[in-house]
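A short write-up of the structure that comes next.
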Amino acid sequence: MRIISRYLAREIYSATLLVFAALLMLFAFFDLIHELGDLGKGDYRLVKIFGYVLLSLPGHVYELFPIATLIGSLFALAQLTAHSELTVMRVSGLSVQRIALSLAKAGLLFMALTFVFGEFIAPLSGRAAQELRLKATSSVVAQEFRSGLWVKDAGSFVNVEEVLPDTSMKGVKIYEFDPDFSLRAISYAKRGEHVSENRWRLTDVAQTRFESGRTVVSKLPEAYWHSVLTPDILNVLLVVPEQMSAWNLYFYVQHLSENKQKTTRYEIALWSKLAYPFAVLVMIMLALPFAYYQGRSGGVSAKIFAGIMLGLGFHLLNRLFAHLGLLNDWSPMFSAIFPTLVFFCAAMTMMWWVERR
């Protein structure tokens, strides 16, 4: 049994690595084509474009783990079925459950790698890629803290409490300095909306100006603000919950709770981060009965196509339930875990059906 487990693991590892290489080359090519549209913008040259593409790869590795594992496992098992090796294993007395246990042991490595990439490598490399692109294409310098997003804008420092999905801003504080780095004015706006290029409309504005030994306070229902900030830059600066590590998500959820803010989106992302490594194991479990069932109904190309469809179905179901949970205030744990449970139940049901045959 140990020899068979090692043999199955070797076949699945080699097939999955092959699939990963193909998919990563494809995604890197798409990223390269997309970034070439900004070639020559500021200091964004070919070297930095290639750097951005390379730094984006770990994020793709994390996203592709379930799909690549499913396709690689289907490919490996289809090859074993085509050469009757899987049939010989079953005739020799190995049940579907024993073979599945061997596949599960092989999948533990993929689970660990998924966790490592999602928790440590992808968030850091993704942030580094965005910072590289931002610095090359714009003079804006920014950093995100617990107090919100801080941006250097010419002679001002801007603090934004929250960037909404439509790239409008809530709680905008603008600290203006003169050429001698003396504080000249502090402005606070409850909301900021992008009007045109480098122009924002601020509403409910309270401004404090420091003028030759006196302080002038004024309140305006509306004001216009010229800034190098644009919605595209905010999209780059804004770290979406799905790209944050589980550790950072946990503490950010605590921070939002303490400030009486809505946490649903971040809780769904947190539970998704915890469930995602197990999805890799579920994909391997799903590959075994599916490959066996399709043994006489199609070749390797059919298995690969089926794997792509199943992987896309899993990805779309994950996204769908994340959005439905956010819209309907479902339990974050249910919204994040339900798609994985559906595919796990499907895998168990198909294994039971194959065993009965």
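The values are calculated or read from the model by the stated rules, or taken from the named source; none is laboratory data. Owing to the predicted nature of the structure, the values given are computational and were not obtained by experimental measurement. Virtual Cβ from ideal backbone geometry, glycine too; neighbours counted across all protein chains shown.
Contact map, region 246-268: residues that are under 19 Å from residue 335 (Cα atoms) paired with residues that are small (Gly, Ala, Ser), Cβ distance under 8 Å, separation 6+ or inter-chain. Pairs shown: 246/118; 249/269; 263/257; 264/325; 268/322; 268/325; 268/335; 268/336. Listed here are the helices (runs of 4 or more DSSP H) enclosed by region 5-119 that have at least 1 residues being under 26 Å from the mean Cα position of the chain (by Cα): 46-82, 96-116. Keeping to region 266-292, report how many residues are under 14 Å from the mean Cα position of the chain (by Cα) and under 30 Å from residue 71 (Cβ atoms). Qualifying residue count for the region: 10. Per the listing 121, 67, the residue uniquely touching a His at 6+ places or on another chain (Cβ under 9 Å), under 30 Å from residue 288 (Cβ atoms) and of a type outside the set (Phe, Trp, Tyr) is 67. Of the residues making up region 151-167, just one is surrounded by 17 or more Cβ atoms within 10 Å (Cβ to Cβ) and in a loop (DSSP other than H, G, I, E, B), namely 167. The condition of being at negative phi, at pLDDT below 80 and of a type in the set (Gly, Ala, Ser) holds for only one of 189, 142, 136, 154, that being 142. In region 70-87, the qualifying residues are those that are at pLDDT 85 or above and either in contact with a His (Cβ under 6 Å, 6 or more places away or on another chain) or hydrophobic (A, V, I, L, M, F, W, C) (or both), and the one that is surrounded by the fewest Cβ atoms within 10 Å (Cβ to Cβ) is 80.
Taking strands (runs of 3 or more DSSP E) as the structural unit, those lying wholly within region 177-233 and holding at least 2 residues that are within 26 Å of residue 135 (Cα to Cα), under 30 Å from the mean Cα position of the chain (by Cα) and in the same structural domain as residue 167 (by TED's automatic domain parsing) correspond to 183-196.
All of (1) at pLDDT 90 or above; (2) more than 28 Å from residue 263 (Cα to Cα); (3) hydrophobic (A, V, I, L, M, F, W, C) hold for residue 330 with one exception: (2).
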